[in-house]
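To keep things clear, I will list the structure first and then write my remarks on it.
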Amino acid sequence: MKRTIIITGGAGFIGSHVVRLFVNKYPEYRIINVDKLTYAGNLANLKDVENKPNYTFVKADICDFDTIYALMRNENVDGVIHLAAESHVDRSIKDPFTFARTNVMGTLSMLQAAKLYWESLPEKWDGKRFYHISTDEVYGALEMTRPEGIEPPFSTKASSGKHHLAYGELFFTEDLKYQPHSPYSASKASSDHFVRAFHDTYGMPTIVTNCSNNYGPYQFPEKLIPLFINNIRHRKPLPVYGKGENVRDWLYVEDHARAIDTTFHNGKVAETYNIGGFNEWRNIDIIKVLINTVDRLLGRREGEDMGLVTYVTDRAGHDLRYAIDSSKLQRELGWEPSLQFEEGIEKTVRWYLDNQEWMDNITSGEYEKYYDDMYKGR
Ligand code: NAD
Ligand code: DAU
C-alpha cells in the first residue's frame with residue numbers, strides 16, 4: 001500500500017532512527033521529514049538516507065500552522081508520526097515558555113492542520129493516523145519501595161510476568177493518572193491531552209505511546225549518556241546530580257523505533273501503549289559502566305577515570321525513579337526489546353568514540369557556551 005507520512009522532528013535523536021527505519025523498510029511510502037532544525041536537529045544524522053527517492057526533508061516549524069496545513073494538502077498526507085519537541089528537562093527549567101510553545105502549541109497546530117485537511121476529504125478519517133510520541137515522565141515519579149527487609153534492587157515480576165531487577169514495586173502502567181513535575185513533562189502531558197481530545201471530540205484516529213529513556217547513536221550530548229561518554233574521553237568532570245541515586249529505565253533507540261513501526265501499523269485507534277526496556281539503573285551505576293567501557297575501548301586501565309565523578313547540586317524537582325510496564329504492547333502487539341543492555345551500551349560507546357567528528361561539530365561553538373553557563377555555580 002502506498003502512504004505519505006509526515007515524521008516531525010526527524011532530524012533529532014529518536015526521529016532520525018524512525019525516519020531511517022521507515023525509509024529503508026517501506027520503499028513504497030513517501031516519508032516527509034518536517035523539522036525546524038533547532039540546536040537539537042542535525043541533518044548529519046540522516047546522511048545515509050538523504051538521497052533515497054522516497055525521502056524528502058522540509059525545514060519548517062510545527063507551530064507554523066499555514067505551512068503545515070499547506071504541506072498536508074499539497075502532499076496528500078495520510079499519516080503523521082509526531083516527534084518534534086523540546087526534549088531536555090534542564091532547558092525546560094531555565095526556559096519553560098519555549099517548551100509550552102513547541103510542545104503544546106506545536107502539537108495543537110499539527111492536530112488542527114491534520115483535522116482540517118482530513119475532514120475535507122470524501123473518505124474523511126478512513127486510512128488516516130495521527131501518532132503522537134510521548135514520554136513516561138508524564139506519570140511523575142515512582143518511589144523506591146521494596147518488599148519488607150529486601151534492599152533494592154530486587155528481582156520482581158511486572159504484569160508481563162517477566163522478572164527483572166527493580167528499585168520499587170510499582171511501575172508506570174497506561175491507566176495511571178498524569179502527575180508531571182518538570183515544565184518539560186507538563187508540556188508533554190498537555191500535548192497528550194490535546195491528542196486524546198481530538199479523538200474524543202472530532203473522531204480523529206489518534207494513538208499515543210509513552211516511552212522510557214532512550215540511548216544510542218545520534219543523541220544530543222546534553223543528555224546523560226552521550227555527555228558523559230564525551231567527557232570521559234576528554235577527561236572532563238562528570239556532573240552527577242544529587243547523590244546519583246535516581247533511577248531510569250533505559251531502552252536502545254532502535255528498539256523504540258521498532259515499537260513505533262509496530263504501533264503505527266497495528267496499534268488500536270485511541271489507545272495508549274507504554275514502551276520500556278524493563279531495564280532499571282541508578283545513574284551512578286550506569287556512570288560506572290560508562291567509565292569502565294570508555295576506558296577499556298580507549299586502551300586505558302578500566303576505572304582509571306572514576307575520579308572524574310563530581311557530585312553537583314541536584315536538578316530542581318528531580319524525579320526519583322521511572323520504570324515502565326510495557327507488557328500491554330508486548331501482549332497485544334508482540335513487540336519486545338531486542339538488545340540486552342550490556343550489548344546496547346557497548347555498541348553506543350563504540351559509536352560515539354568512532355564518530356568524534358559528529359560530536360565535535362555539535363559541541364564546538366554555541367553549545368559549548370550553553371554547557372558552560374548551565375554548569376556555572378552547580
Ligand atoms: P531531540 O531533542 O533529539 O529532537 C527533537 C527534534 O525536534 C529536533 O530535530 C528539533 O530540531 C525538532 N524540533 C524542535 N522544535 C521544533 C519545531 N518547533 N518545529 C519543528 N521541529 C522542531 O528529541 P528526542 O530525544 O529525539 O525526542 C523525540 C521525541 O520523543 C520527543 O517528543 C520526546 O518528548 C520523546 N521522547 C524522548 C525520549 C528520550 O529518551 N529521548 C523518551 C521518550 C519520549
Ligand atoms: O524518560 C524519558 C525522558 O528521558 C525523555 O522524555 C526526555 O526527553 C529525556 O531527556 C530523558 O529525560 P531525563 O531527564 O531522564 O534524561 P537526562 O539524560 O537529562 O538525565 C538522565 C538522568 O541523569 C537524570 O536522573 C538526571 C541525571 N543527570 C543528567 C545530566 C544531563 C546527571 O546526573 N547529570 C547530568 O549532567
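Every number here is computed from the coordinates shown, using simple stated rules; none is lab data. Small disclaimer: the values here were computed from a predicted structure and weren't measured. Heads up, the Cβs are rebuilt from the backbone with ideal geometry, glycines too, and the neighbour counts pull from every protein chain shown.
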Exercise for the section: Kindly rank 333-344, 167-178, 184-195 from highest to lowest mean number of other beta carbons found within 10 Å of each residue. Expected result: 184-195, 167-178, 333-344
Fill in the blank from the handout: Within the under-11-Å Cβ sphere about residue 326, not counting residue 326, Lys/Arg +1 and Asp/Glu -1 give a net charge of -4
Exercise for the section: Scan the chain and note any complete DSSP helix (H) whose C-alpha atoms cover at least 24 Å along its axis and whose Kyte-Doolittle average is -1.0 or more. Expected result: 183-202
Handout entry: Estimated D of the stretch 27-76 in µm² per second, where Rh is the Kirkwood radius over Cα pairs and Stokes-Einstein applies at 37 °C, 0.692 mPa s
Key = 275
Exercise for the section: In debye, nearest 20, what is the charge dipole magnitude of the chain about its Cα centre with +1 on Lys and Arg Cβ and -1 on Asp and Glu Cβ, if you could check? Expected result: 340
Fill in the blank from the handout: Checking rank on 25-38, 48-61, 317-330, 207-220, with mean other Cβ inside 10 Å and highest first, the result is 207-220, 317-330, 25-38, 48-61
Practice task
Quote to one decimal, in nm, the extra length available between residue 73 and residue 177 on full extension: 0.36 nm per residue of separation minus the C-alpha distance between them.
Solution key: 33.8 nm
Practice task
Kindly state, to the nearest 0.05, the FRET efficiency for residue 121 paired with residue 48, given R0 = 41 Å and r defined as their beta-carbon distance.
Solution key: 0.75
Exercise for the section: Count the net charge of all other residues whose Cβ sits under 13 Å from the Cβ of residue 195, scoring Lys and Arg as +1 and Asp and Glu as -1. Expected result: +1
Practice task
Counting helices only, and only those DSSP H runs with n ≥ 4, report the 222 nm mean residue ellipticity of the chain as the sum of -39,500 (n - 2.57) divided by its residues, in deg cm²/dmol to the nearest 500.
Solution key: -12000 deg cm²/dmol
Exercise for the section: Can you pull a Stokes-Einstein diffusion coefficient for the stretch 178-237 at 4 °C (1.567 mPa s), Rh from Kirkwood over Cα pairs, as a whole number of µm²/s? Expected result: 90
Handout entry: Listed peptides 290-299, 353-362 by packing density, highest first (mean Cβ within 10 Å)
Key = 290-299, 353-362
Exercise for the section: For residue 314 paired with residue 90, estimate the spin-label separation in nm (one decimal), with each label point 7 Å from Cα along the Cα-to-Cβ line. Expected result: 1.7
Problem - Entries in 243/288; 25/177; 223/347; 157/268; 36/188; 2/124 that, when Cα-Cα distance is taken, lie over 24 Å - result: 25/177; 157/268
Practice task
Starting from 0 in steps of 5 Å, tell me what percent of the Cα-Cα pairs of the stretch 285-378 lands in each bin.
Solution key: 2, 9, 12, 14, 19, 19, 13, 7, 4, 1
Handout entry: Calculated log₁₀ intensity ratio I(q)/I(0) where the Debye formula runs over C-alpha points of the stretch 27-162, q = 0.12, 0.13, 0.22 Å⁻¹
Key = -0.66, -0.74, -1.40
Completion exercise
A student asked for the Cα radius of gyration and Dmax of the chain in angstrom ought to give 20.4, 67
Completion exercise
Under a Gaussian network model of the chain whose springs join Cα atoms within less than 10 Å, the largest fluctuation of 265, 82, 256 belongs to 265
Handout entry: Around residue 205: net Lys/Arg minus Asp/Glu count, Cβ-Cβ under 15 Å
Key = +1
Fill in the blank from the handout: In units of 2.2 N^0.38 Å, the Cα radius of gyration of the stretch 119-161 is 2.29
Exercise for the section: Can you check how the C-alpha radius of gyration of the stretch 211-306 compares to 2.2 N^0.38 Å, as a plain ratio? Expected result: 1.29
Completion exercise
Cross-link reach from residue 128 to aspartates and glutamates, straight Cα distance under 18 Å and at least 8 residues apart if same chain, gives 28, 75, 78, 119, 200, 261, 271
Handout entry: Contact order relative to length of the stretch 258-333, as percent, for alpha carbon pairs under 8 angstrom and 6 or more apart
Key = 48
Handout entry: Bridge type composition, the chain - antiparallel percent by DSSP, nearest 5
Key = 15
Exercise for the section: Using a cut-off of under 12 Å, list every residue of the stretch 171-190 whose amide N is near the label point 7 Å from the Cα of residue 270 along the Cα-to-beta-carbon line. Expected result: none
Handout entry: Pairwise label distance in nanometres, residue 338 with residue 289, each label 7 Å out on the Cα-Cβ vector
Key = 1.9
Exercise for the section: Compute the relative contact order of the chain as a whole-number percentage, counting only Cα pairs closer than 8 Å that sit 6 or more residues apart in sequence. Expected result: 17
Handout entry: Largest to smallest principal axis extent of the C-alpha atoms in the stretch 143-264, angstrom
Key = 54, 42, 28
